[in-house]
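Peer 1: To start, I am sharing the structure in question, which I have written as structure tokens.
The values are calculated or read from the model by the stated rules, or taken from the named source; none is laboratory data. All figures in this text were calculated on a predicted structure; none of them were measured in a lab. FYI the Cβ positions are ideal-geometry reconstructions off the backbone, even for glycines, and counts take in every protein chain you see.
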Amino acid sequence: MSTTQAGVGGPDRAQIEERTLRADRWWLYPLTTFVVFTAFIVYATWRAFEGANYYTTPYLSPFYAPCLATSCPESASDLGQPLGDWWRLSPALAILVFPLGFRMTCYYYRKAYYRAFWLSPPACGVAEPHGAYSGETRFPLILQNVHRWFWYVAMVFGVLLSIDTIRTFRNDEGEWGHMGLGSLLFIANVVLIWLYTLSCHSCRHTVGGRLRHFSKHPVRYKLWTWVSRLNTKHGVYAWLSLFSIALVDLYVYLLATDRITDLRFF
Ligand code: FES
């Protein structure tokens, strides 16, 4: 199919002069997305390149987990320091490709940033400014299909962040049985990250896809119904987990730079 022929302004389409006939504030969603994503990108880029103030016992910023370089504090390196001395950049940059790749290829985020940044289209019923449309059939957008593989890695990251959350129940001497405000923030963050990861479309396909008869696979059917229910809120979890990651990182930053002290409950 010629995408140009079928695209905006093509002979198969209704010839409407106005860019849109919508009278509501359709621009609010892409504009909000643009502002919030841009703010997050600026903040996350600064923090990822900073390479400092990402750990204060017992809290490790999620931007730096797992911390694999020799520049990481030993107590923050759950998986050891396999990168060795040759990694001179910020430790966050060594792992960034995985959470970033997962989010960039997410079906929900694709919809959001295609609309907000490329205006392709900016909203339903609003013509896009581009003359041709090739969808995700060509390089580089065809690479979005690797999302499934990023999801597998995201599951591993979910486990690692859960371990980091459990480790927040220690005090400065490494003794267990302590809890601070940071622990609550870490719990909220890891719950949202699991909700986001498990509500993923790839997760739904992994647990329930390629089956001819659900009746012969009752366990997978049950899992599929749970994931399907979560999936209806995937966009909400995408936003909330984005905020929670930034908030937890900011909390760690403020603690590490002595701007605040952790509120310890016990
Ligand atoms: Fe959003 Fe998979 S579709 S994380």
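Peer 1: Just give me the residues in the range 143-162 being over 16 Å from Met104 (Cα atoms), out of contact with any Ser or Thr (no Cβ under 9 Å at 6 or more places or on another chain) and surrounded by 14 or more Cβ atoms within 10 Å (Cβ to Cβ), in sequence order.
Peer 2: Correct list: Leu160, Leu161, Ser162.
Peer 1: Same structure again: List every residue pair whose Cβ atoms lie under 7 Å apart, where the two residues are 6 or more positions apart in sequence or sit on different chains, the first residue falls within the range 196-222 and is more than 16 Å from the ligand (Cβ to nearest atom), and the second residue, located anywhere, is polar (S, T, N, Q).
Peer 2: Listed by first residue and then by second, the contacts come to nothing, as the list is empty.
Peer 1: Could you identify the single residue in Val126, Val190, Val97, Val146 that is free of Cβ contacts under 8 Å to residues at least 12 places away in the same chain and among the aliphatic types (A, V, I, L, M)?
Peer 2: Val97
Peer 1: Next question. I'd like to verify a number: residues in the range 70-112 that are modelled with pLDDT of 90 or more and within 30 Å of Gln144 (Cβ to Cβ), how many?
Peer 2: Residues meeting the conditions: 27.
Peer 1: Scan the range 52-67 for residues that are in contact with a strand residue (DSSP E or B) (Cβ under 9 Å, 6 or more places away or on another chain), in a loop (DSSP other than H, G, I, E, B) and closer than 19 Å to Leu83 by Cβ and jot them down.
Peer 2: Within the range 52-67, Tyr54, Ser61, Pro66, Cys67 meet the criteria.
Peer 1: Within the range 41-76, track down each residue that is buried (at least 21 other Cβ atoms within 10 Å of the Cβ), over 19 Å from Val97 (Cβ atoms) and without any contact (Cβ under 8 Å) to a residue 40 or more places away in the chain.
Peer 2: Ala76, the sole residue that qualifies.
Peer 1: Could you please give the count of residues in the range 117-163 that are assigned to a helix (DSSP H, G or I) and within 16 Å of the ligand (Cβ to nearest atom)?
Peer 2: 18
Peer 1: Another question, then. Return yes or no: is Ser183 of a type in the set (S, T, N, Q) and within 16 Å of the ligand (Cβ to nearest atom)?
Peer 2: No.
Peer 1: Answer with yes or no whether Ile245 is more than 26 Å from Phe98 (Cα to Cα), touching a Phe, Trp or Tyr at 6+ places or on another chain (Cβ under 9 Å) and either of a type in the set (A, V, I, L, M, F, W, C) or within 16 Å of the ligand (Cβ to nearest atom) (or both).
Peer 2: no
Peer 1: Are there any helices (runs of 4 or more DSSP H) wholly within the range 175-266 with 3 or more residues that are surrounded by 20 or more Cβ atoms within 10 Å (Cβ to Cβ) and touching a helix residue (DSSP H, G or I) at 6+ places or on another chain (Cβ under 8 Å), and if so which?
Peer 2: Filter on the range 175-266 gives 181-198, 201-208, 234-256.
Peer 1: Condition first: near the ligand (Cβ under 10 Å from one of its atoms) and of a type outside the set (D, E, K, R). Now tell me which residues in the range 94-103 satisfy that.
Peer 2: Answer for the range 94-103, where residues must be near the ligand (Cβ under 10 Å from one of its atoms) and of a type outside the set (D, E, K, R): just Phe102.
Peer 1: Could you give every pair whose Cβ atoms fall below 8 Å, whose first residue belongs to the range 229-241 and is closer than 12 Å to Leu198 by Cβ, and whose second residue is more than 12 Å from the ligand (Cβ to nearest atom) and modelled with pLDDT under 95, counting only separations of at least 6 or pairs across chains?
Peer 2: none
Peer 1: Would you check if Val126 is of a type outside the set (Gly, Ala, Ser) and more than 22 Å from the chain's Cα centre (by Cα)?
Peer 2: Judged against the criteria, Val126 is a match.
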